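> Take this structure first; my questions come after.
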Amino acid sequence: MLDTEIKVTLELAAEHGLSAEEYARIQKILGRDPNFTELGIFSVMWSEHCSYKSSKVHLRRLPTRGPQVLQGPGENAGVVDIGDGLTAAFKMESHNHPSYVEPFQGAATGVGGILRDIFTMGARPIAVLDSLRFGPIGSGTTDEETVARNRRIVDGVVRGIAHYGNCFGVPTVGGEVQFEAGYSANPLVNVLALGIAKKEDLFFAKARGAGNPVIYVGAKTGRDGIHGASLLASAEFTEESQQKRPNVQVGDPFMEKLLLEACLEAMQTGAVVAIQDMGAAGLTSSSCEMASRGGLGIEIELARVPQREPGMTPYEMMLSESQERMLLVAERGREQEVLRVFAKWGLDAVEIGRVTEDGLVRVLHHGKIAAEIPAHPLAEEGPVYQRPLAAPAPVANERLVEFGAAGADLTDNFRKLLAAPAIASKHWIWEQYDYMVRTNTLEGPGAGDAAVVRVKGTKRALALASDGNGRWSRLDPFVGAQLAVTEAARNVACSGAKPWAATNCLNFGSPEKPEVMWQFSRAIDGIAAACIALEIPITGGNVSFYNETLGRSIDPTPVLGVLGIMEDASRALGMAFRAEGDVILLLDGLASAETSRREFSSSEYARTIHGIVAGAPPAVNLSAEKKLIAALVALAGEGKLQSAHDVSDGGLAVTLAESCFASDGLSARVSLAGKEPDEAALFGERGARAVVSVTSENLAAVRRIAAQYELAVLEIGRVSRGEFRIELNGRIAISSDTPSLADAWNGALEKLLSTNRLGKTE
């Protein structure tokens, strides 16, 4: 049936995810009923994924300004000044729903989409991070069918990220992974990309110049991805979700590499006025957003659009989310300069329309009007909702961890903790990534708390880290969100970089549930409080709602990506101990603080050893975090540290062990004293702490500098060889040969992922 033959009704609008009130608003904007193509266009642009209609009122509370910020939220990526006339463009996006329906392509196209956001700004991508959440993969954690499915999703997602990044030629330099029951039917795939551009080479998606030609470039348009934004990413999963495979785009990283080079070369001609990625909502979003930002209109002729499938209708072409496509505006009279560049790279480049003065997005098909909509109301005047908020009911009869007797041997528990999927080495994942391509990577996956990439042509380097903990955010979304900010910032500081700016990816359930919106609002306030205190502006990000299946929401999962800057790349720090005999110090912003039962009950140790997830996240002291971060940056800048590793998941014992595992056969002998219960002292996850190693010669200087920042400096042991030992109040709490601990930690994830449903290793 032709688009023109389909009668638009309120029921059809509802099938497109539009409410009766929204449909009435469309009728008022148009002054008539929409036709079928126009209905589709409104449905994608006013979807939750594209319009942020439930989150806008809350996102306004985030701090987005700072002297380093050149472009904040609202463009394809945020941009910050990094000195020497250079800028860093970076952003984080989600591809959650597609990665459940089709893990490989869902994850791959998530990488492709965020890369286009970066080079659309005129920046060359130099690094990617991924922040992933999956359901349990261990036998006995849930039913075996679910475990097997989770393993398949993990495998597909990781292969998809590796495939796209490796083929495109951008290093995947870091990230983080968690495994929780709530993600079994709704994995999270959040991808952060970073690019570099000269300040004068930045580009923006803002149409200029009535009469300027509009040019379509890149891959041909197909039927893949239709309604990916409006339905797949703006509604919860149901029994029919697996039937949505056609809504998942198919990526071609080799095509995108050509598109990158062609776009950057075309931009250098000076003939390109504006450029926009065809991401979510494809031709629809790219055309109306460029027109709206410029206060102009755009007219396009769909018959000129390169198509890879016959008989595509205007509705299908406008809503297709086929990958590796761009829409650009060229300067009138210089079209051929642009077209020649794309012809050189073997890419389609076709003039399909022009910029107009009337403020309308006018879509023609063989000369006949298929859609005519005011650009600004479509792009910027969609519905904005102040959704009801309601705190979840408190948990009744909450079970908390009972601390064991003092002096117990905790070695076996420690070994189990090291093998837990959340703690275990992620080398099985990152070894599939090419993290050294482009030769900028100074600290890659597993080497430090943050990835570090040099900025060619300067002495500087940039550090990147992402973090988030859905378990903590479920227990207290305000504190959990603060902890995501503070740990990501602490990780960057442990690399020697000053936290400079942040992006976010906010993953939540249905905004139509008051409890979910309460979680979202509290998380926004937590992020804002932490970023203001640490002076880290938010330059952009992404909101992903409707992360739920059959009515069950994921844990609220705000993920923060923090970018740091260091003046001297040669001072970059890793987590590995470097020399036998070095002094191990604990830098503590809150030396007198203790971990309560409620806080300990939310730890990874409580979950792994006691099967408990309860209580409250570790309390946050933003003043202490700020002092620790400043001290770490100062110590690294003066070259006084051998290594640095923040205390986080698994507590102090895991922090020490990971610094041993990252080294060349080194170990640690540590002696602790205090009043805390043994398990809290070893495995408590209170923040504002970092383990550093120093030479004996630098010990006095480290104490002096740390004192300037009011930090406690506790000398807790020495780097050694052989036995890994931790004593508590004079009694041995953990003792083992380091290689056996490393084996438990290093092989656990791979073993779980290579085990079939019968428990046999494949």
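The values are calculated or read from the model by the stated rules, or taken from the named source; none is laboratory data. Only a predicted model underlies this, so the values are computations on that prediction, with no experimental measurement involved. Ideal geometry is used to build each Cβ from the backbone, glycine not excepted, and the neighbour counts take in all protein chains shown. For accessibility, only protein heavy atoms count, side chains too; no ligands or nucleic acids. Shrake-Rupley method; radii C 1.70, N 1.55, O 1.52, S 1.80 Å.
> Sequence neighbours fewer than 8 away in the same chain don't count; with that in mind, list the lysines whose C-alpha is under 30 Å from Lys257.
Qualifying lysines at Cα under 30 Å: Lys91, Lys198, Lys199, Lys206, Lys220, Lys244, Lys344, Lys426, Lys456, Lys459.
> Using R₀ = 35 Å, calculate the FRET efficiency as 1/(1 + (r/R₀)^6) where r is the Cβ-Cβ separation of Arg415 and Ser623; round to 0.05.
The value I calculate is 0.45.
> What is the extension gain from Arg721 to Glu21, computed as 0.36 nm multiplied by their sequence separation minus the C-alpha to C-alpha distance, in nm to one decimal?
Gain in length upon complete extension: 245.0 nm.
> Hey, another quick one. For Cα pairs less than 8 Å apart in space and 6+ apart in sequence, what is the mean separation divided by the residue count of the chain, i.e. the relative contact order in percent?
Relative contact order of the chain: 15 percent.
> Roughly how tilted is helix 282-294, in degrees to the nearest 10 and between 0 and 90, from the longest Cα axis of the chain?
So the inclination is approximately 90 degrees.
> Roughly how many percent of the accessible protein surface of the chain is carbon and sulfur, given a 1.4 Å probe and a whole-percent answer?
It is 50 percent, rounded to a whole number.
> Could I ask something else about it? Using only alpha carbon pairs under 8 Å that are at least six residues apart, calculate the relative contact order of the stretch 14-90 and give it in whole percent.
14
> Right, next: What is the extension gain from Arg308 to Asp348, computed as 0.36 nm multiplied by their sequence separation minus the C-alpha to C-alpha distance, in nm to one decimal?
Gain in length upon complete extension: 13.2 nm.
> In terms of Cα to Cα distance under 23 Å, which lysines are near enough to Lys627, apart from those fewer than 8 places away along the same chain?
Correct list for Lys627: Lys498, Lys640.
> I've got another one for you. Calculate how steeply helix 144-168 sits against the longest principal axis of the alpha-carbon atoms of the chain, using the helix alpha-carbon long axis, and give the answer as 0 to 90 degrees to the nearest 10.
Helix 144-168 sits roughly 70 degrees off the main axis of the chain.
> Based on alpha-carbon centroids, what's the gap between the stretch 442-478 and the stretch 390-428 in Å, whole number please?
What the calculation gives is 24 Å, centre to centre.
> Right, another one. In nm, to one decimal, how far is the modelled label at Val384 from the one at Ile369, with both set 7 Å along Cα→Cβ?
Modelled inter-label distance: 3.0 nm.
> To continue, here is another question. Could you pull out the trypsin sites (Lys or Arg not before Pro) across the stretch 614-690 that fall in loop regions by DSSP (anything but H, G, I, E, B) with no more than 11 other Cβ atoms inside 10 Å?
Sites meeting the loop and neighbour criteria: Lys675.
> Mark the label point 7 Å from the Cα of Ala408 along Cα→Cβ and return the residues of the stretch 646-661 whose backbone N is within less than 20 Å of it.
So the set is 650-654.
> Residues of the stretch 713-730 with amide nitrogen under 12 Å from the 7 Å Cα-to-Cβ point of Leu699?
Answer for this model: 714-719.
> Distance in nm between label sites at Ser735 and Ala579, each 7 Å beyond Cα in the beta-carbon direction?
Simple spin-label model gives 3.0 nm for this pair.
> Rank by packing, highest mean first: peptides 717-730, 398-411, with packing defined as the count of other Cβ atoms within 10 Å averaged across residues.
Per-residue mean Cβ counts within 10 Å order the peptides as 717-730, 398-411.
> Taking 7 Å along the Cα-to-C-beta vector as the label spot, tell me the Met436-Lys456 distance in nanometres, rounded to one decimal.
So the two model labels end up 1.7 nm from each other.
> Give me the mean projected area, in nm² to one decimal, of the convex hull enclosing the Cα positions of the chain.
Answer in nm², one decimal: 31.0.
> Roughly speaking, what is the stretch gain from Ala673 to Leu12, that is 0.36 nm per residue apart minus the C-alpha to C-alpha distance, in nm to one decimal?
Answer, rounded to one decimal: 231.1 nm.
> How would you order 290-297, 501-508, 250-257 from highest to lowest mean count of nearby Cβ atoms within 10 Å?
By packing density, highest mean first, the sequence is 501-508, 290-297, 250-257.
> Right, another one. So what's the gap between the Cα centers of the stretch 490-549 and the stretch 36-60, to the nearest angstrom?
21
> What whole-number value in Å² describes the accessible area per residue of the chain for a 1.4 Å probe?
About 35 Å² of surface per residue is accessible.
> I've got another one for you. Can you give the helix-only mean residue ellipticity at 222 nm for the chain, where every DSSP H stretch with n ≥ 4 adds -39500 (n - 2.57) and the sum goes over all residues, rounded to the nearest 500 deg cm²/dmol?
It comes out at -10500 deg cm²/dmol, rounded to the nearest 500.
> For a quick protection proxy, order the peptides 736-747, 644-655 by their average other-Cβ count within 10 Å, most packed first.
Going by the mean number of other Cβ atoms within 10 Å, highest first, we get 644-655, 736-747.
> Over the stretch 587-627, what relative contact order in percent results from Cα pairs under 8 Å that are six or more residues apart?
40
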